[in-house]
Amino acid sequence: MLEVSHISARYGAAAALWDVSLQVGEGELVCVVGPNGAGKTTLINAIAGLHPVHEGRIRFAGRDITQLAGHRFCEAGIAIVPEGRRLFTGMSVRDNLELGSYIPRAKARRRDTFDRVLALFPVLEAKLHQQAGALSGGQQQMVAIGRALMACPQMLLLDEPSLGLSPLVVQDMFRAIREVNAQGTSVLLVEQNVHMAMSLARRAYVVEEGRIVAQGPAAELLERPEIQRAYLGLETQ
Ligand code: ATP
């Protein structure tokens, strides 16, 4: 469904991604993990048209989206939950959610999708009229995910949804992501929380210094001594 082929990306003269290839199949939940500064945000932003691709190709649902303008991605079926959530903090939770469904295909299904988002995050129901900026970090992340779902995407891109949240809230967030995927939306999840991400995803990619250095079934990667040493703080023989 999503096919990233040999892409590179830069900030001015400085390269941030080199020859990165990855695939996400229809209905799959795949994660990309790696340390701070590895290039995860650049990768997900490049896929979502928020950062220019210097070399390589990105295809989605049989279509070349490498040069697609950022505002066309929703229509193409891709929604991103960006790093830092980027909510309209002075607007109500309801307005933030409804803004997600501005494309005609999503507008027609707004009521149903709205109910689906509230079923996924019931705590938001009592907060609909509050300013998004007054919510806790976890609740703001729920609004960010809900807003992306309001576009009725075929694929959801998530950039570090666990960032800054307590372990209990992270568990709840990951439960919701699993449910979204079980309902048929493909998911590409970028995370520093390696253990949580790999227990959620069936397949994973490891990024270091702008390159994919390992990939495969998440359960298998978790067993590798070098992954345990580098990411899980476990000493292996
Ligand atoms: P983090 O988890 O800290 O967000 P990341 O894996 O998402 O890290 P990126 O944010 O994609 O990594 O950064 C990849 C590289 O690009 C890093 O070396 C970073 O310093 C550099 N970089 C990121 N943003 C910029 C920018 N606006 N200008 C210049 N260099 C940047």
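Kindly check whether there is at least one residue in region 131-151 that is buried (at least 23 other Cβ atoms within 10 Å of the Cβ) and polar (S, T, N, Q). Yes, region 131-151 has at least one match. Of the residues in region 102-123, none is outside any loop (DSSP other than H, G, I, E, B), of a type in the set (D, E, K, R) and in contact with a helix residue (DSSP H, G or I) (Cβ under 6 Å, 6 or more places away or on another chain). Remark: pairs (first residue in region 1-14, farther than 26 Å from LEU156 by Cβ; second residue away from the ligand (no atom under 13 Å from the Cβ) and part of a strand (DSSP E or B); Cβ separation under 7 Å; 6+ apart in sequence or on different chains) are absent.
Quick grid of which residues meet (1) more than 10 Å from the ligand (Cβ to nearest atom); (2) charged (D, E, K, R); (3) in contact with a helix residue (DSSP H, G or I) (Cβ under 8 Å, 6 or more places away or on another chain); (4) in a loop (DSSP other than H, G, I, E, B):
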site	(1), (2), (3), (4)
TRP18	yes, no, no, no
VAL30	yes, no, no, no
ALA38	no, no, no, yes
THR42	no, no, no, no
GLY49	yes, no, yes, yes
ILE80	yes, no, yes, no
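Pairs linking a residue in region 180-203 that is within 16 Å of the ligand (Cβ to nearest atom) to a residue that is among the polar types (S, T, N, Q), with Cβ atoms under 9 Å and 6 or more positions apart or on different chains, are VAL190/THR41; GLU191/SER162; GLN192/ASN36; GLN192/SER162; ASN193/SER162; MET196/SER162; MET196/GLN171; ALA197/SER162.
Looking across region 73-113 at every residue that is without any contact (Cβ under 8 Å) to a residue 40 or more places away in the chain and among the aliphatic types (A, V, I, L, M), the one that is surrounded by the fewest Cβ atoms within 10 Å (Cβ to Cβ) is identified as ALA108. If only residues of region 182-195 that are assigned to a helix (DSSP H, G or I) and surrounded by fewer than 20 Cβ atoms within 10 Å (Cβ to Cβ) are counted, the one that is modelled with the highest pLDDT is ALA182. Kindly indicate the residue of region 156-172 that is surrounded by fewer than 24 Cβ atoms within 10 Å (Cβ to Cβ) and more than 24 Å from ALA230 (Cβ to Cβ) and also nearest to the chain's Cα centre (by Cα) among those meeting that condition. Restricting to residues being surrounded by fewer than 24 Cβ atoms within 10 Å (Cβ to Cβ) and more than 24 Å from ALA230 (Cβ to Cβ), the top hit is LEU156. In region 200-225, of all residues being among the small types (Gly, Ala, Ser) and in a loop (DSSP other than H, G, I, E, B), the one that is nearest to SER186 (Cα to Cα) corresponds to ALA201.
When you scan region 51-59, do you find a residue that is of a type in the set (Val, Ile, Thr), within 18 Å of SER186 (Cα to Cα) and at pLDDT 95 or above, even just one?
Yes, region 51-59 contains at least one residue that is of a type in the set (Val, Ile, Thr), within 18 Å of SER186 (Cα to Cα) and at pLDDT 95 or above.
The values are calculated or read from the model by the stated rules, or taken from the named source; none is laboratory data. The structure presented is a predicted model; accordingly, all values stated were derived computationally and were not measured. In this analysis, Cβ positions are derived from the backbone assuming ideal geometry, glycine residues included, and neighbour counts consider all displayed protein chains.
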